[in-house]
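As structure tokens, the structure follows; a few thoughts come after it.
No lab work stands behind these numbers, since they all come straight from the coordinates. From a predicted model like this one, the values you see are computed outputs, not experimental measurements. Because the Cβ atoms are built from the backbone with ideal geometry, glycine has one as well, and the counts that use them run over all protein chains shown.
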Amino acid sequence: MASTRSFELFADYFQFYIQDESSDGDLSNAWTDQATADLVALAPGVIGVGTARNMDVPVTIEIHDAEPSLSLDAWDQVAECDIAVPSGKLIVAGCTDYLRDAARISVPSGQYRARLLYAGLNTLSADGLDGADHYTVQLWRAPAQGLRILKRDAAPPRGGV
């Protein structure tokens, strides 16, 4: 059984954050060339999810009791990584959002696996402002396993992080 929340986040600088409330959220050194190619940057307690455009984008967060099944065919790109949530509160925000006002999701404190699912990456308009791109983050409690790219889009459009 999953708990699902939907958001429209301003993906300024082509990214949004999932982070533990007690984390400082500093990804300033995390957006390397490889992280940009992977569409994911990591720092303690924070995941930076790269996006195809720097506009409002639809984001779905799913909290699962166990690892959900996965069909790679439904997605352009899929990554998995870890996030520690000692505070029991996840912040979901655009990188320039005022964090005090950002959405929070209560979860049992602990170590989580995050699956980042990207769709519609190649549906952008010529000016890059409109598109059918959307992003889903699935979370479940699991031991840390590191970053894994399960599927990579052949040519994701990038404005740059």
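Between residue 123 and residue 84, the simple label model (points 7 Å from Cα in the Cβ direction) yields a spacing of 3.8 nm. By other beta-carbon atoms within 10 Å, ranking 61, 149, 47 with the fewest at the front produces 149, 61, 47.
Please order 123, 4, 51 by the number of other Cβ within 10 Å, starting at the fewest.
Working: 123 15, 4 11, 51 27.
Result, fewest neighbours first: 4, 123, 51.
Per-residue Cβ neighbour counts within 10 Å put 136, 60, 32 in the sequence 32, 60, 136, beginning with the fewest. In a fully extended conformation the segment linking residue 65 and residue 101 would gain 10.2 nm over its present Cα-Cα distance, using 0.36 nm per residue. Computed as a quarter of the hull surface, the mean projected area of the alpha carbon convex hull for segment 4-80 stands at 6.0 nm². Sparse packing (at most 10 other Cβ atoms within 10 Å of the Cβ) combined with a DSSP loop state is found for none of the trypsin sites (Lys or Arg not before Pro) in segment 7-106.
Under 15 Å from the Cβ of residue 71, count the other residues' Cβ atoms, weight Lys and Arg +1, Asp and Glu -1, and hand me the total.
Working: positive: 115, 151; negative: 62, 67, 73, 76, 80.
Combined, the nearby Lys, Arg, Asp and Glu give -3.
Counting only Cβ charges, +1 for Lys and Arg and -1 for Asp and Glu, the dipole size of the chain around its Cα centre is about 340 debye.
Both radii were evaluated on the Cα set of the chain; the Rg over Rh quotient, with Rh as the Kirkwood radius, amounts to 0.93. Stretched out straight at 0.36 nm per residue, the stretch from residue 149 to residue 22 would grow longer than its current Cα-Cα span by 43.0 nm. Restricting the chymotrypsin sites (Phe, Trp or Tyr not before Pro) of segment 9-105 to loop positions (DSSP other than H, G, I, E, B) with no more than 13 neighbouring Cβ atoms within 10 Å leaves 98.
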